[in-house]
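Read through the structure below, which is laid out as structure tokens, and then see the notes.
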Amino acid sequence: MSKILIVDDKAAVRELLLDVLKKESYEVTTASTGKEAIESVKTWEPDLVLLDIKMPDMDGLEVLKRIRSFDSKTKIVVLTEYGLETLEREARLAGATDFLRKGLGIDIIVKAVNEIFKERVGMEDSKMAGKKILVIDDEKEVLKLMKDYLNILGMEAVLADIPGEGVKLAKSEKPDVILLDIMMPDMSGDEIARVLAKDPVTSNIPIIFLTALAGPEDTQKSLRGDHNFLPKSLPAEDFLKELKEFLSRV
């Protein structure tokens, strides 16, 4: 049975994660301070640590660095209530396995945990791990969310919030798949798809349209070619399921 250590100064968060992860058949214990967490890693030797970034006695980054000073193998997922690229870079440089926002919801955190342990035993998502996905969307919050989703699935996310920049990245990064918002102010997803289709460097890259349109008939009117579409309004768990299905066929 895999062992998980939950580190968070908020009792309600610890109890919630403890309860749901035990139901997933993990062995779970908790720590409310950085000092406690470091001692638990040394004595209990968990397989995974869920580490809150903001705690009163010692912040999560410092806890992460201290754990990595004596343990390079334990997987550590950093949890935060806010998403900052600089903070994520720091965490990854310090040795974090992954970085998730609590705002994604408990179901996504549990999903991330399950995916991490699946990777360890070489299960179904190994064929998708390491794929490079370009996401083009003018909404920065959507980009952050897509990045979190793709990280959960073990893939690399390349982000563009300006259509022209997205076209350039498609040429330079040569992603395996492009997630493309249909409705953007400067240049629509349809227009971007046509530009990419005309360029021999990008013409064969599969495209999945991200749409906020209500009905499938409305969505189909906006699509060009044999592209798939994925509604942004889907609940997180359903969105991940559909995304995985699309990507597994690429």
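Structure notes:
- Summary of packing: across the peptides 179-190, 13-24, the per-residue average of other C-beta atoms within 10 Å ranks them, highest first, as 179-190, 13-24.
- Converting phi to 3J(HN,Hα) with the Karplus coefficients 6.51, -1.76 and 1.60 and the offset θ = phi - 60°, region 40-45 yields 5, 5, 5, 8, 8, 6 Hz in sequence order, with x at every glycine or proline.
- Cα gyration tensor category, rounded, prolate or oblate, for region 3-122 with a/c compared to 1.5: rounded
- Beta bridge orientation in region 3-122: antiparallel %, DSSP, nearest 5: 0
- For region 172-181, the Karplus equation 6.51 cos²θ - 1.76 cosθ + 1.60, evaluated at θ = phi - 60°, returns couplings of 7, 8, 6, x, 6, 8, 10, 9, 10, 5 Hz by residue, with Gly and Pro reported as x.
- Whole-Hz Karplus values for region 154-159 come out as x, 10, 8, 9, 10, 10 Hz, taken residue by residue from phi with 6.51 cos²θ - 1.76 cosθ + 1.60 and θ = phi - 60°; glycine and proline positions read x.
FYI, it's all coordinate maths here, none of it is from the lab. Values in this document were obtained by computation on a predicted structure and should not be read as measured data. With ideal geometry, Cβ positions are generated from the backbone for all residues, glycine too; neighbour counts draw on all protein chains shown.
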